[in-house]
Amino acid sequence: MALLEFTSEGIYCPKAGVYLDPWKPVKKALITHGHSDHARWGHQRYLCTKAAAPVIRHRLNLTDNLETVDFYEKIFINNVEFSFHPAGHIPGSAQIRVSDGGEVWVFSGDYKLEHDGISEPFEPVRCHTFITESTFGLPVYNWKQQKEIFNDINDWWRKNQSAGKVSVIAGYALGKSQRILRNVDPSIGRIFLHGAIRSVTALFSSVKDLPETTYVSPEMKKKEFEAALVICPPSALGTPWLRRFDPYSLGIASGWMGLRGARRRRGADRGFVLSDHADWPALNLAVRETGASRVFVTHGYSSIFAKWLTGLGIEAHEVRTQYEGELGEIAEGGAEENKTVGEQGEENKPVGESIDPGGAGSQDVPGSALRLDDEENHDI
Ligand SMILES: [Zn+2]
Ligand SMILES: [Zn+2]
């Protein structure tokens, strides 16, 4: 009996009788973070970090069936030891360490290595078996430092001001928008928030030092938005809500903005490549630092990344899960829905050269699994 198994309900610890980020309703679920593909409805009991709890409790409308732990706190379920360690993906997000009889597994959920100013910074956890995502598991994904990206965003905002335009930037409501808020230069002008972002931000009590913001209320006059930055979720794109800001420049902050055609398809003037997932160098570094001799790859460019690791002498396997990573964002594009990445042709190929693109086309985009009410919490 393996310490963790991949079942049709999710990642399962048979000895403890609990699941990690299960996608079907189960009795007891340990949850890495609040994004909708990891924290799902219908489980009997939930366990997550204290920092992740407010969002999960609010999103899933949980009451006394949600228990919390501190980071690093050890808990024992049927003598199996569990602890949560910072994943650096969004505030409160965790990797789950599972240990029994000297054997250690780590499930990383979603993660990134660069400190974003709001999330508890990622920490490598030594283990024998590491379960990793690979949302951006191709060598072309090599992020610029966040400082450079925010310089670009600030410059864009200033330029729009001199052109008499409002700056509207879209980023998913849970994590990305708070990251934008925390890192833009508030001395440039006023910052406004879409209602969905205001309500999620209010749940992040662990995030300090956010600049002052104003909620975009329906009765506000155009004049109020002059020279301002407006942060909205991707679901606001293409809706009449945007008209009040005219004339405006639209920017999108997403890892997928490095993809040819992604910016144009969403009708944006600027794309900022800002992701809450690890890029190719970071995925490799993360795997190395665990010291794991065996790796399971759950979502993203799983088969390519697993093959790459095998080539490095690490036992690596691709596993089928229902985590969506940032792939879901492609499926949001209306007409593109329900196609696979491969079928979308040139447009969705990463900019630059790629290794072994043969494997990349085999990923299914779970477009039909995207519900509208999830979109604002979705992970792009
Ligand atoms: Zn996530
Ligand atoms: Zn995810």
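Table: residues versus (1) touching a residue at least 60 places away in the same chain (Cβ under 8 Å); (2) of a type in the set (K, R); (3) farther than 30 Å from N142 by Cα; (4) crowded, with 21+ Cβ neighbours inside 10 Å.
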{"position": "E212", "(1), (2), (3), (4)": "no, no, yes, no"}
{"position": "V216", "(1), (2), (3), (4)": "no, no, yes, yes"}
{"position": "P234", "(1), (2), (3), (4)": "yes, no, no, yes"}
{"position": "L259", "(1), (2), (3), (4)": "yes, no, no, yes"}
### Message
Is it the case, given these coordinates, that L62 is more than 15 Å from ligand 1 (Cβ to nearest atom), under 24 Å from Q178 (Cα atoms) and open to solvent by less than 30 Å² (accessible area, probe 1.4 Å)?
### Response
yes
### Task
Sort out which residues of segment 55-71 are away from ligand 2 (no atom under 16 Å from the Cβ) and basic (K, R), and write them in order of number.
R57
### Failed condition for Y46, given (1) open to solvent by less than 10 Å² (accessible area, probe 1.4 Å); (2) within 27 Å of A282 (Cβ to Cβ)
(2)
#### Entry: Looking only at segment 309-327, and only at residues there that are open to solvent by 10 Å² or more (accessible area, probe 1.4 Å) and under 15 Å from G109 (Cβ atoms), the one that is farthest from ligand 1 (Cβ to nearest atom)
V319
### Message
Which residue is farthest from the chain's Cα centre (by Cα), if the candidates are limited to segment 67-85 and must be among the aliphatic types (A, V, I, L, M) and surrounded by 18 or more Cβ atoms within 10 Å (Cβ to Cβ)?
### Response
V80
### Query
Does T239 satisfy being out of contact with any strand residue (DSSP E or B) (no Cβ under 7 Å at 6 or more places or on another chain), open to solvent by less than 70 Å² (accessible area, probe 1.4 Å), of a type outside the set (G, A, S) and over 17 Å from R158 (Cα atoms)?
yes
## Note on the structure
Of the residues in segment 262-288, those that are open to solvent by less than 10 Å² (accessible area, probe 1.4 Å), of a type outside the set (D, E) and within 16 Å of ligand 1 (Cβ to nearest atom) come to L274, S275, H277, A278, L283, A286
### Query
Can you tell me which residues in segment 242-257 are free of Cβ contacts under 8 Å to residues at least 24 places away in the same chain and open to solvent by less than 70 Å² (accessible area, probe 1.4 Å)?
M257
### Task
Within segment 41-54, track down each residue that is touching a residue at least 40 places away in the same chain (Cβ under 8 Å), more than 16 Å from F107 (Cα to Cα), away from ligand 2 (no atom under 14 Å from the Cβ) and not charged (D, E, K, R).
A51, P54
### Query
Among the candidates G88, G17, G101, G92, which residue alone is small (G, A, S), in contact (Cβ under 8 Å) with a residue 24 or more places away in the chain and either touching a Leu at 6+ places or on another chain (Cβ under 9 Å) or open to solvent by 60 Å² or more (accessible area, probe 1.4 Å) (or both)?
G88
#### Entry: Residues that are more than 19 Å from F204 (Cα to Cα) and part of a loop (DSSP other than H, G, I, E, B), drawn from segment 43-84
H43, Q44, D64, N65, Y72, E73, K74, N78, N79
### Query
When the residues of segment 23-40 are filtered to those that are more than 16 Å from ligand 2 (Cβ to nearest atom) and part of a loop (DSSP other than H, G, I, E, B), which remaining residue is least open to solvent (accessible area, probe 1.4 Å)?
V26
### Message
Scan segment 107-129 and tell me whether some residue there is under 22 Å from R294 (Cβ atoms) and not in a loop (DSSP other than H, G, I, E, B).
### Response
yes
### Query
Just for segment 116-149: of the residues that are aromatic (F, W, Y) and open to solvent by 10 Å² or more (accessible area, probe 1.4 Å), which one is nearest to E224 (Cα to Cα)?
W143
### Any hit, segment 160-178, residues being assigned to a helix (DSSP H, G or I), within 21 Å of P247 (Cβ to Cβ), free of Cβ contacts under 8 Å to residues at least 12 places away in the same chain and open to solvent by 10 Å² or more (accessible area, probe 1.4 Å)
yes
### Message
Take A306 and tell me if it is touching a Ser or Thr at 6+ places or on another chain (Cβ under 6 Å), modelled with pLDDT of 95 or more and away from ligand 1 (no atom under 16 Å from the Cβ).
### Response
no
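The values are calculated or read from the model by the stated rules, or taken from the named source; none is laboratory data. Small disclaimer: the values here were computed from a predicted structure and weren't measured. FYI the Cβ positions are ideal-geometry reconstructions off the backbone, even for glycines, and counts take in every protein chain you see. For accessibility, only protein heavy atoms count, side chains too; no ligands or nucleic acids. Shrake-Rupley method; radii C 1.70, N 1.55, O 1.52, S 1.80 Å.
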